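**Student:** The following block contains the structure, expressed as structure tokens.
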Amino acid sequence: MTRGGTVYLVDDDPGVLRALTRLLRSSGREVQAFASSEAFLTAHDPAAPGCLVLDVAMPGKNGLELQRDLAAAGVDRAVVFITGYGDIPTSVRAMKAGAVDFLSKPFEDSQFLAAVEAAIDRDLDSRRSSGERRAVEQKVASLTSRERQVLEHVVAGQLNKHIAADLGTVEKTVKVHRGRIMRKMGAGSLAELVRMADLAGVRPTPAQPRAA
Amino acid sequence: MSQGTRTSPPSNIGRVLPVSWLGPASPKRWLVGRAPDGWRAALLVATAYYLGAKVGFAFTFQPHPISTLWLPNSLLLAALLLSPVSSWRLLVAATLPAHLAAELQSGVPLAMVLGWFASNSTEALIGAVCIRRFCAAPLRFDSFRDVGVFLVFGTFLAPLLSSFFDAALVAAIGWGQGSYWQLVRLRFLSNVLAALIVVPFIVTWASGGLAAVRGTLSRERAEAALLASCVLAVGIAIFDRQDAGSGTPPALLYAPLPFLLWAAARFGPRGTSTAILVLVLLAIWGAAHGQGPFVTSSPEENARSAQLFLIAVSVPILLLAAALEERRKAKDALAGSEERLATAFRSSPDPMAIVRLADGAILDANARWEVMFGYSLDETAGRSAEDLNLYVNDEDRKASFERIAKHGGIRDFEVDVRDRAGTVRQAVLAAETVAVGGVPCYIGTFHDVTAQRRGEREAKEQSKQLTHLTRVALLGQLSGALAHELNQPLTAILSNAQAAQHFLATDRIDLGELREILGDIVAEDQRASEVIRRLRTLFKQGETQVQPLDANDLVREALALAHGDLIARNIEVVTELASDLPAVKGDRVQMNQVLLNLLVNASEAMSPNEPGGCELTITTALTAEGVQVSVADRGPGIPEDRQRRLFEPFFTTKPQGLGLGLSISRAIVTAHGGRLWSTNNPDRGATFHLALPGHAEGRP
């Protein structure tokens, strides 16, 4: 029984590494174990789903440094920290940097496995949301520049005649663009279009101040 | 008689007295020989010489013109013996005017006068040189040997040699009558007698005579007065009252002998020489005035028999007096040293006892000994240390006794002794063998060092506690890291066990996997136990156990203890360990403490924010000093003004520091015969060096 997502395990202590690998496998997890941050980085595939279980204190690059480096490289990998010291300042730093959990050794299997599961879920979630965004972005990219301009106005909630005035065209033409945009984006309603535009990072163009 | 023939009139006997002038003159001042004293001595000798010559003229038998008692030569000899050699020239020169003054009055030709001066001074010089040469100490007539030397050289050889010379001069100048051999014989006997009576008298009185008289008791003075009157009475009765010598019973000649023996036995050389002088003067006076037992035939024969008799009596009496004096002094010296010894024994601040070597019986003990052991001398006498059960370990008693008997003494022998009440004390025994009343014994001194040893023990105990305290504080500093060292195996054990539970719950049981899990659990448990064991050793306050150690092992152990701390601080450890190091001797725990202290200091000195600032290098090497372990950090280094104070107690730069770590570390290393010091690295950081003497024998 193998559940989705690999657990990447990094700990310099071989005994601990072996034991945690076994524990994760016994609960049906796919595990890749590494004795150092450097070894992990060499083998790591950011595209593969899964979470990172990271020892804090290690020779060479320690756990916190690895977390920081991954973030800097744009890799969003959910992390569970484990440590034999359990000091509060370190755990606070780790959590602020986005760690899913921070466990002091030794820990109960339930606690550990729950943390790993939460981390994998978060990884899957983030992967899922990033997949949808990519699709919407592709749709936005298929719009012509005029359509894009119109979209920016539409999501800002402007009326067609105001849009036409802003763009120097007639209301009828705006209506045609609007229909094409709805079709290309696959939006069933204006509300859906607004959500998609937001996901794709389309900035709304606010309404121009008008003479009465 | 320097002066084979004399024609001057007899003079007053009272003029003999000048010889006594020499008495009061301090011999010490003479011997110092400083210029003013030298001239004073010369004047004194010249005067005495002159008067002696006058006395010599007075003791001339009439009508025969020969002096029976020629004193000047002997006076000069006595003066030379009492003076340093450097002033002899002056003394001899000073007698020349006196000689001329005395002789020229009697109408002797100048050539003869000068000739006699030459023979007279020669005689005195021969005697003085020989006596100086053959007597070990200045002649004082208190040793049999020295008196022998005086008799042989001063009274026999010197007069004999100078008499040949003198007679030859007389013959050459053609002065006086008489054959050569007759002159030799006359002068020889006369000068022998003069030397016998004058030199001992002057020398003994000049060397401390008055002081001796002043120091006498009234009882002794009364005895001396009684002896003096007896000598005078007998002398006058025998030598100066009877008319014709022919009628004298020979036995009477020996009447003075008991009194001379009395003087020799009771008044030493000084009294004896005085008595002899008095008797000789009386005898010669009598003979010169036709009285006494020697007036038989011609004056020449009278003189000769008087001289021979007096010489024969004086020689053994002088020797006897010297022998008795010698024995008395030796006895006094022995009694003095015994008395000093006894005083030292009684008043010694340390307990002392005299023990018979044959059976170990305690013959005597001083008051301190009685106090220390609680036995009175009455209870102790005749019993041995074994009987009294004084030694806590009987082996000590046997060993010390054997060594004393074998080597004649013992020094610094530490023993535990027990007093009567059973209290045990530490003492250092020193002993020396002596003969007490002919019985071989030893004198033993017990120096009580109980308080001293207690102080030493307490100081050692305190130092041990302090060492332990700093070690515990050091481990406290490392507690987080040490918890990590325990948490790792505990994590592994728990996770392994729970993994096994999961496997078992799935019905898909892989026995091989289970076996591996159990194997790992056992290994991790052992690892945890090892951490606990190491900690317990360091926390324990144990006795110092010196054993051969491998410096590299010590480094590895310290690194293992500090492992968690070093990783937590993100410190990179570089080790450069030399192979084939000799063993060092030391206490493993204390050495761990020192190295751990250095590692913690080094890692605390470094900040992770400095690029490349977290490298710690540990080196072991063999140097001239032995095995050296160096711990180098990449921190800021140690400022010059702190370099010196670094090893002082309570000097610290850390907010939570006790300031004892380095001072205790240095104390530990010094106690191991090694050295601990620090240097700054040329580029950055500091290095602490630990040198320990290597021991070739026995690798650890």
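**Student:** Measuring from label point to label point, each 7 Å out along Cα→Cβ, what is the B:Ala367 to A:Arg127 span in nm?
**Tutor:** 10.5 nm
**Student:** Let me ask another. Where does helix B:511-539 land angle-wise versus the long Cα axis of chain B, in degrees 0 to 90, nearest 10?
**Tutor:** For helix B:511-539, the angle is close to 30 degrees.
**Student:** Something else: With n ≥ 4 as the cut-off for DSSP H runs, can you work out [θ] at 222 nm for chain B, using -39500 (n - 2.57) per run divided by the number of residues, rounded to the nearest 500?
**Tutor:** Mean residue ellipticity at 222 nm (helix-derived): -19500 deg cm²/dmol.
**Student:** So how do A:Cys51, B:Cys614, B:Cys230 line up by other beta-carbon neighbours within 10 Å, fewest first?
**Tutor:** Working: A:Cys51 26, B:Cys614 20, B:Cys230 16.
By the 10 Å Cβ count, ascending, the order reads B:Cys230, B:Cys614, A:Cys51.
**Student:** Then there is this: Taking the Cα centre of the protein assembly as shown as origin, work out the dipole magnitude from +1 charges on Lys and Arg Cβ and -1 charges on Asp and Glu Cβ, in debye rounded to 20.
**Tutor:** 2520 debye
**Student:** Just add up the charged neighbours of B:Val436: K/R +1, D/E -1, any other residue whose Cβ is under 13 Å from the Cβ of B:Val436. Spell out each step's value before the answer.
**Tutor:** Values: positive: B:Arg356; negative: B:Glu338, B:Asp364, B:Glu432.
Taking every other residue near B:Val436 into account, the sum is -2.
**Student:** Next question. Among residues other than A:Leu151 whose Cβ falls under 12 Å from its Cβ, what is the net charge (Lys/Arg +1, Asp/Glu -1)?
**Tutor:** For residues surrounding A:Leu151, the net value is +4.
**Student:** For chain B, take the longest principal axis of its alpha carbons; what is the angle in degrees between that and the long axis of helix B:661-671, to the nearest 10 within 0 to 90?
**Tutor:** 50 degrees
**Student:** Kindly provide the pair-distance distribution of the protein assembly as shown built from C-alpha pairs, with 10 Å bins from 0 and whole-percent values in order of increasing distance.
**Tutor:** 2, 9, 11, 9, 7, 7, 7, 7, 7, 6, 5, 5, 5, 4, 3, 2, 2, 1, 1, 0, 0
**Student:** Moving to a separate point now. Using only Cα atoms, find the angle between the long axis of helix B:479-505 and the longest principal axis of chain B, and express it within 0 to 90 degrees, rounded to the nearest 10.
**Tutor:** With both axes taken from Cα atoms, the answer is about 30 degrees.
**Student:** Here's a follow-up. Please work out the Cα convex hull volume for the stretch A:145-212 and give it in Å³ per residue. Before the final figure, lay out each step's value.
**Tutor:** Values: hull volume 5.6 nm³, N = 68.
In the stretch A:145-212, the Cα convex hull volume per residue is 83 Å³.
**Student:** Name the aspartates and glutamates eligible as straight-distance cross-link partners of A:Lys161: C-alpha to C-alpha under 12 Å, and not fewer than 8 places from it in the same chain.
**Tutor:** Those aspartates and glutamates meeting the cut-off are A:Glu171.
**Student:** Report relative contact order for the stretch B:95-230 in percent, whole number only (criteria: Cα-Cα under 8 Å, sequence separation at least 6).
**Tutor:** Answer for the stretch B:95-230 is 22 percent.
**Student:** With a Förster radius of 56 Å, plug the Cβ-Cβ distance of B:Ala172 and B:Ala212 into 1/(1 + (r/R0)^6) and report the FRET value to the nearest 0.05.
**Tutor:** For B:Ala172 and B:Ala212, the calculated efficiency is 0.75.
**Student:** Averaged across orientations, what area in nm² does the convex hull of the alpha carbons in the stretch B:111-159 project?
**Tutor:** Averaging across all directions leaves 3.3 nm² for the Cα convex hull.
**Student:** So for B:Val546, A:Val140, fewest C-beta neighbours within 10 Å to most, what's the order?
**Tutor:** Taking fewest neighbouring Cβ atoms as first place, the list is B:Val546, A:Val140.
**Student:** Under 23 Å Cα to Cα from B:Lys460, which lysines show up? Leave out anything in the same chain fewer than 8 places away.
**Tutor:** Of all the lysines, those that pass the test against B:Lys460 - Cα under 23 Å, at least 8 places apart if same chain - are B:Lys540, B:Lys585.
**Student:** Right, something else. Please state the charge dipole magnitude for the stretch A:159-212, taken about the Cα centre, from unit charges on C-beta atoms (+1 on K and R, -1 on D and E), reported in debye and rounded to the nearest 20.
**Tutor:** 180 debye
**Student:** Right, another one. Just grab the label-to-label distance for B:Ala578 and A:Leu41, each label 7 Å out from Cα along the Cβ direction, in nm (one decimal).
**Tutor:** Going from the B:Ala578 label point to the A:Leu41 one covers 3.8 nm.
**Student:** What value, in deg cm²/dmol to 500, does the helix sum -39500 (n - 2.57) over DSSP H runs of n ≥ 4 give at 222 nm once divided by the residues of chain A? Mind showing how you got there, number by number?
**Tutor:** Values: 9 runs with 117 residues, N = 212.
Taking each H run of at least 4 residues, the total per residue is -17500 deg cm²/dmol.
**Student:** Could you tell me the calculated FRET efficiency between B:Arg645 and B:Ala333, based on Cβ-Cβ distance and R0 = 41 angstrom, to the nearest 0.05? Kindly include the intermediate steps, with their values, before the conclusion.
**Tutor:** Working: r = 63 Å, r/R0 = 1.53.
For R0 = 41 Å, the calculated efficiency reads 0.05.
**Student:** Output the antiparallel fraction of DSSP beta bridges having both residues in the protein assembly as shown, as a percent to the nearest 5.
**Tutor:** 70 percent
**Student:** Please identify every one of the trypsin sites (Lys or Arg not before Pro) in the stretch B:611-673 that sits in a loop by DSSP and has no more than 13 other beta carbons within 10 Å of its own beta carbon.
**Tutor:** The qualifying sites: there are none.
**Student:** Then there is this: If Lys and Arg each add +1 and Asp and Glu each add -1, what is the summed charge of the other residues whose beta carbon sits under 12 Å from the beta carbon of B:Ala361?
**Tutor:** Summing Lys/Arg as +1 and Asp/Glu as -1 gives -2.
**Student:** Where does each of B:Thr467, B:Thr617 land when they are ranked from fewest to most other beta-carbon atoms within 10 angstrom?
**Tutor:** Details: B:Thr467 22, B:Thr617 18.
Taking fewest neighbouring Cβ atoms as first place, the list is B:Thr617, B:Thr467.
**Student:** Please compute the volume of the convex hull spanned by the alpha-carbon atoms of the stretch B:47-152 and report it per residue in Å³.
**Tutor:** On the way: hull volume 11.6 nm³, N = 106.
Value for the stretch B:47-152: 110 Å³ per residue.
**Student:** When the Karplus curve 6.51 cos²θ - 1.76 cosθ + 1.60 is applied with θ = phi - 60°, which whole-Hz ³J(HN,Hα) does each residue of the stretch B:339-344 get, with x for Gly and Pro?
**Tutor:** Using θ = phi - 60°, the values come out as 5, 4, 4, 5, 5, 4 Hz.
**Student:** Hey, another quick one. Tell me which lysines have Cα within less than 16 Å of A:Lys184's Cα, excluding those fewer than 8 residues away on the same chain?
**Tutor:** In chain and number order, the partners are A:Lys139, A:Lys175.
**Student:** Provide the gained length on full extension for the span B:Arg241 to B:Lys540, in nm with one decimal, where the gain is 0.36 nm per separating residue minus the Cα-Cα distance. Don't skip to the answer; put the middle values down first.
**Tutor:** Working: separation 299, 0.36 × 299 = 107.64 nm, distance 11.09 nm.
Here the segment from B:Arg241 to B:Lys540 would lengthen by 96.5 nm.
All of the numbers you see were taken from the coordinates with simple rules; none came from a lab. Please read all numbers here as calculations on a predicted model, not as lab measurements. Every residue, glycine as well, gets a Cβ built from its backbone with ideal geometry; the counts of neighbours run over all protein chains shown.
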